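Okay, so here's the structure we're looking at.
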Amino acid sequence: MNSKFSKIGFVLAVAGSAVGLGNAWKFPTLVGQNGGSAFILLYLFLTLCVGFVVFLAELSIGKLSEKDPVNAYKTLAPEGKKAWALAGFTMLGAILLVSFYSLVIAWIVKYAVFSAVTLPSDIQSSTSYFEELVGNSPWLQLACFTFVFLLVFYVVSKGVKNGIERLNVWMMPSLFILLVLMLFYALSKGGSFQAFEFLLKPDFSKISVASILDALGLAFFSLSLGVGTIITYSASLPDRTNFITSTLSIIFINILIGLMMGLIVFTFIFEFGADPTQQGPGLIFISLATLFAKLGVVGNILAVCFFVSLFFAGITSAISMIEPFAFYLINTFKFSRLKALVYIGVFVYILGILCILSSNQATAFTFFGNKSFFDVLDYLVQNIIMPIGGLCAAIFVGFVVKKEALQILFAPCMNSFFFELWYFFLRFIVPFIIILIAINSIYPLKQLL
Ligand code: PHE
């Protein structure tokens, strides 16, 4: 039997999983590229209509079975339909994810330490500083990656209550305090008006079919859906928790932190006239680092705070990627927690090294033309495994799990009108949207219209 979270521990742990590099890296970048608040509205809409609905489905799979994803599907599926257990293996996505995600946290560690002393003074030196790290410093990357890797595995080795809950209970509030302090500083700057305007005044002309795809991908990624994390954490959900208020608070915290990060990042971008629509690491690792440099010592302090807060956000997410598979090995093969983590650890470490080598100039290898191993894993997890995982959860809970079991589970916190509404969305709207978006990513509908 696994130990259970406390009620607040559950909310903080799931919020810790949800709030991560997605909020700091993907959210501001996508918002910047897709017309600011118009994209935020789209993202909010999809978070409520799809993310929230799938979240509750995954929560019910975890809570009703109190098992890891594979065994949860197996337990809840009726005789003759046990092949549903295969859907639980989408949790492998989280293992692929943690390998390159930890590498980004490793870069953050390097930036957090070095920004205390030095920051690149212009975009050119900042770009070469970053390229030098990713393309030409395999040992440094490996050292930072090993640090992150050991920390994450150490926390998970302590278990749900003594490791995961304990870490989240202090890291999440600390993250929040750091962000509030930085936000106050940002608000004293002129650029914050433009940042507010950019984030709050919608420009729908920038919304394209691709933006919808991006917004759905982000809604899944940032709520940690489709890879077994929510199922696993919900297996340790204490009884008599109000699932709806807990879920809504998690979604609220996730969006709030995304917006706070966005305001901080864009204030500095506008303050110094940088380009808000840059791709990938450009915004955080290249522009922001240069902009902080313009503020002298205050900039160094801000940069350290900023990267430390990213580090906190990243670590609490990374641990939630390992727990599902560890829990599966413990349940199925009766492994000790340590043994399970050693197996997973070897695999993750090798993948991490391959990510480093693939982008390193001297050892570079790419796929499909110019995609690094990192890019391939990112694409595989976000565009393929997560939608499949979400779709499976929706169809399974909507059509295979007994409706009465769900009614009993949700009766204390949802009236029958909302229950039916959720159930309808789960069965018909969510699968339709996910399939439509999947088809679109393979064969863009624009070509048909
Ligand atoms: N939600 C996390 C983020 O925004 C990423 C994540 C995905 C965590 C899937 C766990 C599982 O960074």
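The values are calculated or read from the model by the stated rules, or taken from the named source; none is laboratory data. Because the structure is predicted, anything quoted here is derived from the model rather than measured. Neighbour counts run over all protein chains shown; Cβ positions are idealised from the backbone, glycine included. Heads up: the accessible areas ignore ligands, DNA and RNA and are worked out on the full protein's heavy atoms, side chains in. Shrake-Rupley method; radii C 1.70, N 1.55, O 1.52, S 1.80 Å.
What the table shows:
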{"read-out": "Residue selected from the range 82-109 under the condition within 17 Å of residue 225 (Cα to Cα) and hydroxyl-bearing (Ser, Thr, Tyr), by the criterion farthest from the ligand (Cβ to nearest atom)", "value": "90"}
{"read-out": "Filter pass, residue 4 being surrounded by fewer than 22 Cβ atoms within 10 Å (Cβ to Cβ), more than 16 Å from the ligand (Cβ to nearest atom) and of a type outside the set (Phe, Trp, Tyr)", "value": "yes"}
{"read-out": "Hits in the range 363-399 - residues which are away from the ligand (no atom under 16 Å from the Cβ), aliphatic (A, V, I, L, M), under 28 Å from residue 150 (Cα atoms) and touching a helix residue (DSSP H, G or I) at 6+ places or on another chain (Cβ under 8 Å)", "value": "364"}
{"read-out": "Qualifying positions in the range 196-235 - within 11 Å of the ligand (Cβ to nearest atom), of a type in the set (A, V, I, L, M) and not in a helix (DSSP H, G or I)", "value": "223, 225, 227"}
{"read-out": "Options 59, 41; residue that is within 22 Å of residue 429 (Cβ to Cβ) and open to solvent by 10 Å² or more (accessible area, probe 1.4 Å)", "value": "41"}
{"read-out": "The range 373-397 residues that are farther than 15 Å from residue 216 by Cα, paired with ones that are crowded, with 20+ Cβ neighbours inside 10 Å and of a type in the set (Asp, Glu) (beta carbon under 8 Å, 6 or more apart)", "value": "393/58"}
{"read-out": "Output for the range 62-76, where each listed residue is over 14 Å from residue 247 (Cβ atoms) and in contact (Cβ under 8 Å) with a residue 24 or more places away in the chain", "value": "64, 65, 66, 67, 68, 69, 70, 71, 72, 73, 76"}
{"read-out": "Any hit, the range 363-374, residues being hydrophobic (A, V, I, L, M, F, W, C) and either under 20 Å from residue 20 (Cβ atoms) or open to solvent by less than 50 Å² (accessible area, probe 1.4 Å) (or both)", "value": "yes"}
{"read-out": "Those helices (runs of 4 or more DSSP H) lying entirely in the range 7-126 with at least 1 residues of a type in the set (Asp, Glu) and within 22 Å of the chain's Cα centre (by Cα)", "value": "52-65"}
{"read-out": "Top-ranked residue in the range 136-150 [being open to solvent by less than 10 Å² (accessible area, probe 1.4 Å) and within 17 Å of residue 373 (Cβ to Cβ); ranked as farthest from the ligand (Cβ to nearest atom)]", "value": "141"}
{"read-out": "Options 208, 188, 222; residue that is of a type in the set (Ser, Thr, Tyr) and either surrounded by 17 or more Cβ atoms within 10 Å (Cβ to Cβ) or in contact with a strand residue (DSSP E or B) (Cβ under 8 Å, 6 or more places away or on another chain) (or both)", "value": "222"}
{"read-out": "Matching residues in the range 336-362 - criterion: being open to solvent by 20 Å² or more (accessible area, probe 1.4 Å), hydroxyl-bearing (Ser, Thr, Tyr) and closer than 17 Å to residue 143 by Cα", "value": "349, 359"}
{"read-out": "Single unsatisfied condition, residue 297 versus (1) within 30 Å of residue 231 (Cβ to Cβ); (2) open to solvent by 30 Å² or more (accessible area, probe 1.4 Å); (3) part of a helix (DSSP H, G or I)", "value": "(1)"}
{"read-out": "The range 95-124: number of residues that are loosely packed, with under 15 Cβ neighbours inside 10 Å and not acidic (Asp, Glu)", "value": "6"}
{"read-out": "Verdict on residue 247 being open to solvent by less than 10 Å² (accessible area, probe 1.4 Å), hydroxyl-bearing (Ser, Thr, Tyr) and within 11 Å of the ligand (Cβ to nearest atom)", "value": "no"}
